[in-house]
Amino acid sequence: MWEFSLNVKTENFELAKFIFNNISSVCNKWNGVVTSVEEGGYISILIAVKEQDKENAQCYISSCITEVICTVFKSNFLDKHLFLPSQDKLGINAFKKALLNFDKETDRYLVRKGLILKKDFFLESYYQFKLASLKSKWAELVTLANENRDYLTSSDSFLDLLKFLVDNLEICQDEISIYQDEDLSYKILISDKLYQNKNFTEDCLVSSIIDISPQKINLYCEEDSKAITLLHKLFEERITDKRHIKINSFDKF
């Protein structure tokens, strides 16, 4: 058996729970064992798989660690160091999401570069002491935004920079569709499946679309809300307006 312990500080309980659930769902397919214990200020996620599944398990665990650092840790870094000018919540959410996803492939490379899964792995320690180049890269991005804070007080300038960031994000989905529900919330469909199994408020819609970074957006919404207007400005030719097509019921979604 190959045994491995992934340790997360107790204060990051929700993060540990997220990692545990993701790794459990995959390791179960290999008849592996995943459990957790809390001791000495850490939550230890204990993993054991057959030797023949070691390589697959290591690959998935490495991918999970990489994504957590490039999303959760980077988001916390932006929240701590980024000081944006006063803008509406819709714009601020979109801008932070664009920064979060900007040059993400390089972020992943820098995380994976020194990632070695020995018997025990301490998540926060790896981030704190082994990823100086990654944090330096994020700091440069934040500094650039903060130094141009006065410039970004102009709505047009803010939009121009946001659009630049969106245009330079890696495409993650070929095509999505957006529908507006009766309660004015929004549904995002990818291959006829409801994205994240939930509806999105107007404040979260644009940032969610930026996260998906689609090549094509089919728009079925009837009303030109702030979110829909901003989507048109950011994604322009990627949007296909299909509002003339009537949808009688959302029950199938």
Open item on the list: Tell me the residue from Ser213, Ser177, Ser225 that is over 20 Å from Asn93 (Cβ atoms), small (Gly, Ala, Ser), touching a strand residue (DSSP E or B) at 6+ places or on another chain (Cβ under 9 Å) and touching a residue at least 12 places away in the same chain (Cβ under 8 Å), please.
Closed with: Ser177
Task: Hits in the stretch 70-91 - residues which are open to solvent by less than 20 Å² (accessible area, probe 1.4 Å) and either under 13 Å from Trp138 (Cβ atoms) or in contact with a His (Cβ under 9 Å, 6 or more places away or on another chain) (or both) - done: Cys70, Lys74, Leu78, Leu82
- [ ] Can you tell me which residue within the stretch 175-222, out of those that are part of a loop (DSSP other than H, G, I, E, B) and within 23 Å of Leu99 (Cα to Cα), is least open to solvent (accessible area, probe 1.4 Å)?
- [x] Ser213
TODO: Evaluate the following for Phe164: is it in contact with a helix residue (DSSP H, G or I) (Cβ under 7 Å, 6 or more places away or on another chain) and either touching a residue at least 12 places away in the same chain (Cβ under 8 Å) or closer than 24 Å to Lys89 by Cβ (or both)?
DONE: no
Task: Those residues of the stretch 18-41 which are open to solvent by 60 Å² or more (accessible area, probe 1.4 Å) and in contact (Cβ under 8 Å) with a residue 40 or more places away in the chain, in sequence order - done: Phe18
- [ ] Quick one: Leu169 ticks every box in (1) surrounded by fewer than 17 Cβ atoms within 10 Å (Cβ to Cβ); (2) outside any helix (DSSP H, G or I) except a single one, so which number is it?
- [x] (1)
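The values are calculated or read from the model by the stated rules, or taken from the named source; none is laboratory data. Remember, it's a predicted structure, so these values are computed and weren't measured experimentally. All Cβ positions, glycine included, derive from the backbone under ideal geometry; neighbour counts span all protein chains shown. In case anyone asks, the SASA skips ligands and DNA or RNA and just uses the protein heavy atoms, side chains included. Shrake-Rupley method; radii C 1.70, N 1.55, O 1.52, S 1.80 Å.
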